[in-house]
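All remarks here apply to the structure that follows.
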Amino acid sequence: GRAPAPPPRLGVAVADAAALVRAANLSGDLGLIVIDAATGETLEALNADRALAPASVAKLPTALYALSVLGPDARFETVVRAAGRVEGGRLQGDLVLAGGGDPELDTEALAALARAAAERVGVVEGRFVADASAGAAIPAIDPTQPPEAAYNPSVGALNLNFNRVRLAWERRGGAVDVAVQAYAAGLAPPVSTVTVALAPADCACPTFALAAAEDREAWSVRESALTGTGSVFLPVRAPARYAAEVFRDAAGAAGLALPVAEVSRATVAGERLAAHRSRTTAAMTADMLRFSTNLTAESLGLAATAALGQPGADLAASGRAMADWADGVAGGRPGDGGFVFLNHSGLSGETRATPRRMAEFLRAATHAGLAALTPERRIDGAPPGARLRAKTGTMDFVRGLAGWIETPSGRTLVFAWFANDLERRDATRGMGRRPPGAIPWRDRAVELERKLIASWIARFG
């Protein structure tokens, strides 16, 4: 008979994981596992039970947590209420903007909600209240991140534009014009509850510094950092106040004058005047996995924990509830260290997962719709019929990837791999810039990742 066909050439030598890891010369710790999705057979493993930081790979359990507990068709609502009687277009009481935790609410949707409210009410005799009671009030996902990190926003009941503002600038001669905007596609009104002042070029101060006052967030930006014309997003720490300002301005443009909002952490009841409904959980989850949006992950995770009736007033408590749930899905024992979540986005150097537990979780989730929502990624040099659906995770000196590989033979592999150099990460925290060596380390990790996947397809496909 014929000799067996040689394995497909994928641009790398078909070596086992241990050989590839040795050749990569990657500092720190790593672990990996690949299993057969149909049988559960472990095909290759290296430090598979080592607890490592997964970064945004943690969003895979978050996605299934939200889909399973909330349901794929669940939506968040942002509501305008009349806390008083409405007669002849006059509200004899308070107008209430009540958040429901929608992570995707943007300026355009909020302006449409303000216009809808203005169609029902022309005069408000009482207060304007921003009701932020339906959820946690978390100033930042991970307090250890740089203050200007827009990927580390606040989380609350009233969120807007992923709780970011856009700082835009234009240098004209020796002067710099700056603007702070509630930026969304097609609409970017100015904001006054977040301000920016320029610090002298020779101030010997950080590029970005934040001072939170009672009525605003005041940023100081070193002028020399703003060259030419450009823009950058900055995180918002008091999202309810921010959303209320944008709503108030939009209502005023529609003819409804409102006083400055009072933010309330107590529920303010009243007649429903108008509402905005978010996209479905399934739609938000798919984009969360595609774009790795941290606010969406935290909002969905907190909502799922609340729906379970679990204590989850803060991210750490909600993360523990999700870890226990995910351990059960994977067939593990809650609290055994397979999953340790401090939040739902993975934005923490203290979150942990073992490659084995992550792969076991994904194998259990294979037929629960999660694979179909996970983005497909290119495999360099892959043979026809090979497909990869996976979620990446990246922080300084942290890299991970987990998901499903469909091989040309029709076999499905489930895998997880994590690499950490947490000693170097901890030693370079607070530098105010990308730590030396972080980019070359990441590039070596990504190259190792590529070779591992090619090897698995060649040997197990």
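The values are calculated or read from the model by the stated rules, or taken from the named source; none is laboratory data. The structure displayed is predicted, hence computed values, not measured ones. Don't worry about glycine lacking a Cβ; one is built from the backbone with ideal geometry, like all the others, and counts go over all protein chains shown. For accessibility, only protein heavy atoms count, side chains too; no ligands or nucleic acids. Shrake-Rupley method; radii C 1.70, N 1.55, O 1.52, S 1.80 Å.
Return the distance in nm (one decimal) between the two label points of a simple spin-label model at residue 73 and residue 171, each offset 7 Å from Cα along Cα→Cβ.
So the label points at residue 73 and residue 171 sit 5.5 nm apart.
Grab the beta carbon distance between residue 260 and residue 336, set R0 = 60 Å, and tell me the FRET efficiency rounded to 0.05.
Here the calculated transfer efficiency is 0.75.
Remind me, relative contact order of segment 155-306 in percent, using alpha carbon pairs under 8 angstrom and six or more residues apart?
Normalised by residue count, the contact order of segment 155-306 is 22 percent.
How many angstrom lie between the Cα centre of segment 195-244 and the Cα centre of segment 336-396?
Using only Cα atoms to place each centre, the spacing works out to 35 Å.
Can you list the HN-Hα couplings for segment 282-297, worked out from phi with the Karplus curve (6.51, -1.76, 1.60; θ = phi - 60°), rounded to whole Hz and with x for Gly and Pro?
4, 5, 5, 5, 4, 6, 4, 6, 6, 9, 6, 6, 5, 4, 4, 4
Pairing the Cα long axis of helix 239-253 with the longest principal axis of the chain, what angle in degrees results, from 0 to 90 and rounded to the nearest 10?
Relative to the chain, helix 239-253 is tipped by roughly 50 degrees.
Tell me the accessible surface of residue 352 in square angstrom (1.4 angstrom probe, heavy atoms of protein chains only), to the nearest ten.
Using a 1.4 Å probe on the heavy atoms, I get roughly 50 Å².
What order do 415, 233 take when sorted by accessible area (1.4 Å probe), most exposed first?
233, 415
On average, how much accessible surface per residue is there in the chain, in Å², for a 1.4 Å probe, leaving out ligands, DNA and RNA?
Numbers: 19320 Å² over 461 residues.
That works out to 42 Å² for each residue.
What does DSSP give for the chain in terms of the percent of beta bridges that are antiparallel, rounded to the nearest 5?
85 percent
Using the basic label-point model (7 angstrom from Cα toward the beta carbon), what is the residue 202 to residue 447 distance in nanometres?
According to this spin-label approximation, the distance is 4.4 nm.
From the residues 435, 95, 190, which one has its Cα farthest along the dipole of the chain in the positive direction, the dipole being from +1 and -1 charges on Cβ of Lys/Arg and Asp/Glu about the Cα centre?
Among 435, 95, 190, the one farthest towards the positive end of the dipole of the chain is 435.
From the list (1) 44, 27, 19; (2) 33, 27, 22; (3) 36, 24, 21, can you say which value of semi-axes √(5λ) of the Cα gyration tensor in Å was derived from the structure given?
(1)
Could you give the length gained on full extension between residue 434 and residue 459, defined as 0.36 nm per residue of separation minus the Cα-Cα distance, in nm? The partial results should precede the final answer.
Numbers: separation 25, 0.36 × 25 = 9.00 nm, distance 3.74 nm.
Length gained, residue 434 through residue 459: 5.3 nm.
With a Förster radius of 35 Å, plug the Cβ-Cβ distance of residue 42 and residue 210 into 1/(1 + (r/R0)^6) and report the FRET value to the nearest 0.05.
0.15
Just by accessible area at a 1.4 angstrom probe, what is the order of 451, 59 from largest to smallest?
451, 59
Among the GluC sites (Glu not before Pro) in segment 174-272, which ones are in a DSSP loop with at most 12 other Cβ atoms within 10 Å of the Cβ? Mind listing them?
Details: sites: 214, 217, 223, 245, 262, 271; in loops: 214.
The qualifying sites are 214.
Rounded to the nearest 10 degrees, what's the angle between the helix 107-120 long axis and the longest principal axis of the chain, both from Cα atoms, 0 to 90?
40 degrees
With the cut-off at 1.5 for a/c, could you classify segment 130-205 from its C-alpha gyration tensor as rounded, prolate or oblate?
It is oblate, given that a/c is not under 1.5 and a/b is not larger than b/c.
Figure the gain on full extension for residue 23 and residue 225 (residue separation times 0.36 nm, minus the Cα-Cα span) and round it to one decimal in nm. Mind showing how you got there, number by number?
Values: separation 202, 0.36 × 202 = 72.72 nm, distance 4.00 nm.
Length gained between residue 23 and residue 225: 68.7 nm.
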